[in-house]
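First up is the structure itself, then whatever we jot down about it.
The values are calculated or read from the model by the stated rules, or taken from the named source; none is laboratory data. It should be emphasised that the depicted structure is a prediction, and the values quoted were computed from it without experimental measurement. All Cβ positions, glycine included, derive from the backbone under ideal geometry; neighbour counts span all protein chains shown. Protein only, heavy atoms only, side chains kept; ligands, DNA and RNA dropped before computing areas. Shrake-Rupley method; radii C 1.70, N 1.55, O 1.52, S 1.80 Å.
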Amino acid sequence: MTGPATAPDGVRRAAVLGSPIAHSLSPTLHRAAYEALGLTRWRYDAIEVAEDGMAAFLAGLDPSWAGLSLTMPLKRVVRPLLAAESDLARAVGAVNTVTFGPAGPVGDNTDVHGIVAALAEAGVRSAGTAAVLGGGATACSAVAALRDLGVRAPRVHVRSAGRSGDVVAAGERLGLDVRLAGLDAADVVSAAPAVVVSTLPAGAADALADALAAGLVAPAVRDGAPPPVLLDVVYAPWPTALARAWVGAGGPVVSGLAMLLHQAAEQVRLMTGLEPPVPAMRAAVEAEVARR
């Protein structure tokens with residue numbers, strides 16, 4: 001495949017791939033961007049693609065394609081199929097964005113940007129200590145984002161250290177000292193993090209919610225110190241039990257919807273070469289979430 005040229009009918013195409021994919025909010029975000037940018041000949045779809053179909057799908061694309069957004073497990077499945085990866089995608093070990101260069105498909109990772117930008121909305125532009133809940137692919141992006149905020153030894157709290165090799169390896173590639181700890185309230189509280197990023201799936205942090213908020217947020221509020229900021233990557237259902245407990249104890253919370261918005265905005269930049277219209281994208285996705 002050569003680079004993406006405009007198709008004979010002038011249409012440029014992009015899509016989010018995954019399985020299942022019907023629930024994805026990516027079409028809402030990207031279509032809102034196209035409309036605000038006046039890209040009337042651009043299309044963005046949600047396409048069901050399973051792991052074993054990724055290679056054939058990529059090989060079958062014509063030059064009208066500008067880019068792809070990928071969900072798990074395609075973020076890792078796609079890597080051997082690429083002509084090149086960004087340094088960040090290689091370090092994180094996950095690709096959520098594919099564009100097309102002269103040599104073929106190029107992988108990038110905008111999840112890291114999404115986390116950094118989402119935390120910036122809560123006023124977090126630097127941090128000394130941080131905790132990551134969960135050790136999967138999103139946790140790899142989280143430790144990369146925390147590195148950008150100045151964290152050098154993030155604590156990653158997991159149920160099983162034996163299944164956390166990817167995040168430890170990502171930390172090593174990023175020059176970080178990732179420290180594994182247990183996924184229970186006592187372990188998280190003992191580290192006294194300034195930032196907590198929960199990468200756990202919906203419902204997985206419910207049992208920890210009250211204890212974490214009581215142990216991390218309540219003492220800071222009582223003593224007049226800045227309470228730790230929570231970014232919960234879950235955005236539906238919202239608020240999560242963890243977010244609800246955090247706010248109830250007086251702490252600031254960032255929804256995963258902010259991360260989703262900003263990672264999509266960076267994808268728009270990569271695919272179109274234009275400045276993403278973040279306010280228009282935010283309004284569209286918030287309206288869609290409210291509708292659902």
ARG222 vs (1) modelled with pLDDT under 95; (2) closer than 17 Å to LEU119 by Cβ: all pass except (2)
LEU37 fails exactly one of (1) within 23 Å of the chain's Cα centre (by Cα); (2) closer than 19 Å to GLN263 by Cα, namely (1)
Is it the case that VAL254 is crowded, with 20+ Cβ neighbours inside 10 Å and of a type outside the set (Asp, Glu)? yes
Cβ pairs under 8 Å, 6+ apart or interchain, first in segment 158-179 and without any contact (Cβ under 8 Å) to a residue 12 or more places away in the chain, second among the β-branched types (Val, Ile, Thr) and part of a loop (DSSP other than H, G, I, E, B), ordered by first then second residue, are GLU172/VAL178
Pairs returned, first residue in segment 254-283 that is assigned to a helix (DSSP H, G or I), second residue that is basic (Lys, Arg), beta-carbon separation under 8 angstrom, 6 or more apart or interchain, are LEU261/ARG282
Q: Test VAL189 against the criterion of being without any contact (Cβ under 8 Å) to a residue 60 or more places away in the chain, of a type in the set (Val, Ile, Thr), in a helix (DSSP H, G or I) and touching a Pro at 6+ places or on another chain (Cβ under 6 Å), and give yes or no.
A: no
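Touching a Gly at 6+ places or on another chain (Cβ under 6 Å) and surrounded by 17 or more Cβ atoms within 10 Å (Cβ to Cβ), is that true of MET271?
yes
Mind listing just one residue for me: the one in segment 14-57 that is among the small types (Gly, Ala, Ser) and part of a loop (DSSP other than H, G, I, E, B) and, of those, most open to solvent (accessible area, probe 1.4 Å)?
Only one residue tops the list, namely ALA22.
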In the set ALA153, ALA213, the lone residue that is open to solvent by less than 40 Å² (accessible area, probe 1.4 Å) and assigned to a helix (DSSP H, G or I) is ALA213
The residue from GLY67, GLY60 that alone is open to solvent by 20 Å² or more (accessible area, probe 1.4 Å), of a type in the set (Gly, Ala, Ser) and within 19 Å of PRO102 (Cα to Cα) is GLY60
ask   = Is at least one residue of segment 278-289 over 15 Å from SER24 (Cβ atoms) and open to solvent by less than 50 Å² (accessible area, probe 1.4 Å)?
value = yes
Reported set for segment 58-83 where residues are within 21 Å of the chain's Cα centre (by Cα) and part of a strand (DSSP E or B) is ALA66, GLY67, LEU68, SER69, LEU70
Among (1) open to solvent by less than 10 Å² (accessible area, probe 1.4 Å); (2) free of Cβ contacts under 8 Å to residues at least 24 places away in the same chain, CYS140 falls short only on (2)
Practice task
Examine segment 121-131 for a residue that is out of contact with any Phe, Trp or Tyr (no Cβ under 8 Å at 6 or more places or on another chain), at pLDDT 95 or above, part of a strand (DSSP E or B) and within 25 Å of PRO227 (Cβ to Cβ), and state whether such a residue exists.
Solution key: yes
For segment 10-31, pairs from a residue that is more than 14 Å from ALA66 (Cβ to Cβ) to a residue that is in a helix (DSSP H, G or I) and open to solvent by 10 Å² or more (accessible area, probe 1.4 Å), with Cβ under 6 Å and 6 or more apart or across chains, are THR28/ALA284; THR28/GLU288
The number of residues in segment 89-129 that are in contact with a strand residue (DSSP E or B) (Cβ under 7 Å, 6 or more places away or on another chain), free of Cβ contacts under 8 Å to residues at least 60 places away in the same chain and open to solvent by 30 Å² or more (accessible area, probe 1.4 Å) is 2
Flagged in segment 217-234 as open to solvent by less than 30 Å² (accessible area, probe 1.4 Å) and either free of Cβ contacts under 8 Å to residues at least 24 places away in the same chain or aliphatic (A, V, I, L, M) (or both), in numbering order, are VAL217, ALA220, VAL229, LEU230, LEU231, VAL233, VAL234
